[in-house]
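**Q** Please see the structure below; I have some questions.
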Amino acid sequence: MLKPLVFASSLGPLAWLVWAGLTRNLSADPLSDLTNETGVWALRFVCITLALTPLRRITGWNVPIRFRRMAGLFAFFYGTLHFLTYVIADRFAGLDFPNGIVAWTTVRNLAKSVGADIYKRPFITVGFTTWLTMVPLALTSTAGMIRRLGGKRWNQLHRLVYASGVLGVLHYWWLVKADVHRPYTYGAIVVALLGFRIVWSRTHAKQRSKALSRPAL
């Protein structure tokens, strides 16, 4: 019963953006609002995904971990919306269409425009890299992919979520430039969660090492 509720709640930010756009409750620059909000929500869902395992380990409550895959997919969903908004509203809108909108030349020119922007503008480079780190996580999120990869390799691959968090914060910080309070806040959250993982792993590694070194009775 919780999954439909969590799913609907996760779509809430998008529903609000659609409603605000239709009722003209966005700012004077609605495309900027859409770009910023989808990016921020992608970062928030990355933080939620990172926080679920520490929450389970600290509290012993296993229910939240059932929503980790959903949170990760919504991070990718909002990150993709963020990227597509940039591609369509920024790059596509600035193109010329000598052969019409629906033409291979349009696709080629759009790819060149996006590629040049990624190459020239560092914060775009970091943002695109962040999105790329989430692509394999989304593609391997199914139970079938876990079986194919094996638990160990799957866990190693999904450590990319930490790279997504770090790069996402860097992209956000580079984007806002002046008011960096919110990027610093998300950065502190990601660092704390990464630090928890490192401490937990080292502590349990030492415990396993001591257990193996004890003489058998």
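**Q** Could you tell me which residue out of V190, F7, M145 lies farthest along the dipole of the chain toward its positive end? Charges go on the beta carbon: Lys and Arg +1, Asp and Glu -1, centred on the Cα centre.
**A** Positive-most Cα among the choices belongs to M145.
**Q** Round to a whole number: what % of the accessible area of the chain belongs to carbon and sulfur, probe 1.4 Å?
**A** The C+S portion of the solvent-accessible surface of the chain is 67 percent.
**Q** Using the crude model of +1 on Lys and Arg Cβ and -1 on Asp and Glu Cβ, and no other charge, please compute the dipole size for segment 99-166 relative to its Cα centre, in debye to 20.
**A** 260 debye
**Q** In addition: About its Cα centre, how strong a charge dipole does the chain have in debye, to the nearest 20, once Lys and Arg get +1 and Asp and Glu get -1 at the Cβ?
**A** Once rounded to the nearest 20, the dipole reads 1620 debye.
**Q** Output the Cα-based Rg and Dmax of segment 1-106 in Å, rounding Rg to one decimal and Dmax to a whole number.
**A** Spelled out, the Cα radius of gyration and Dmax of segment 1-106 are 17.9, 61 Å.
**Q** While we're looking at this one, here's another question. Given a Förster distance of 22 Å, report the FRET efficiency between A192 and R24 from their Cβ-Cβ distance, rounded to the nearest 0.05.
**A** Taking R0 as 22 Å, the efficiency between A192 and R24 is 0.05.
**Q** Sticking with this one: Taking R0 as 30 Å, what FRET efficiency do you get between R108 and L139 from their Cβ-Cβ distance, rounded to the nearest 0.05?
**A** Efficiency at R0 = 30 Å is approximately 0.70.
**Q** Starting from the Cα of D179, move 7 Å in the Cα-to-Cβ direction to define the label point; list residues of segment 28-64 whose amide nitrogen is under 15 Å from there.
**A** Answer for segment 28-64: 28-29, 32-34, 36-37, 40.
**Q** Have a look at segment 120-166 and give its Rg and Dmax from the Cα atoms, expressed in angstrom.
**A** Cα-based Rg and Dmax for segment 120-166 come out at 12.6, 40 Å.
**Q** Keeping all protein chains in place, calculate the accessible area per residue for segment 1-154 (probe 1.4 angstrom), answer in Å².
**A** 60 Å²
**Q** Turning to a different aspect of this structure: Would you mind computing Rg(Cα) / (2.2 N^0.38 Å) for the chain, counting N as its residues?
**A** Here the answer is 1.22, to two decimals.
**Q** Further question on the same structure: Calculate, in nm to one decimal, what N99 and F123 gain on full extension: separation in residues at 0.36 nm each, minus their alpha carbon distance.
**A** 5.4 nm is the gain from fully extending N99 to F123.
**Q** Let me ask something else about it. Lys/Arg Cβ at +1, Asp/Glu Cβ at -1, dipole of the chain taken about the Cα centre: which of V199, C47, G127 is farthest positive-ward?
**A** The listed residue farthest towards the positive side: V199.
**Q** Cα centroid distance between segment 156-193 and segment 45-74, in Å?
**A** 18 Å
**Q** Once you have the Cα-Cα distance between R57 and A89, take 0.36 nm times their residue separation minus that, and quote the gain in nm to one decimal.
**A** My answer for the length gained is 7.3 nm.
**Q** Further, regarding this structure: Applying the Karplus parametrisation 6.51 cos²θ - 1.76 cosθ + 1.60 with θ = phi - 60° to the phi angles of segment 142-153, what ³J(HN,Hα) value in whole Hz is obtained for each residue in order, glycine and proline being reported as x?
**A** Ordered by residue, 3J(HN,Hα) equals 7, 5, x, 5, 4, 5, 5, 7, x, x, 5, 5 Hz.
The values are calculated or read from the model by the stated rules, or taken from the named source; none is laboratory data. Everything numeric in this text was worked out from a predicted model, so none of it was measured. Please note: Cβ atoms are built from the backbone with ideal geometry, for glycine as well, and neighbour counts cover all protein chains shown. These area figures cover heavy atoms from the full protein model, side chains too; ligands, DNA and RNA do not enter into them. Shrake-Rupley method; radii C 1.70, N 1.55, O 1.52, S 1.80 Å.
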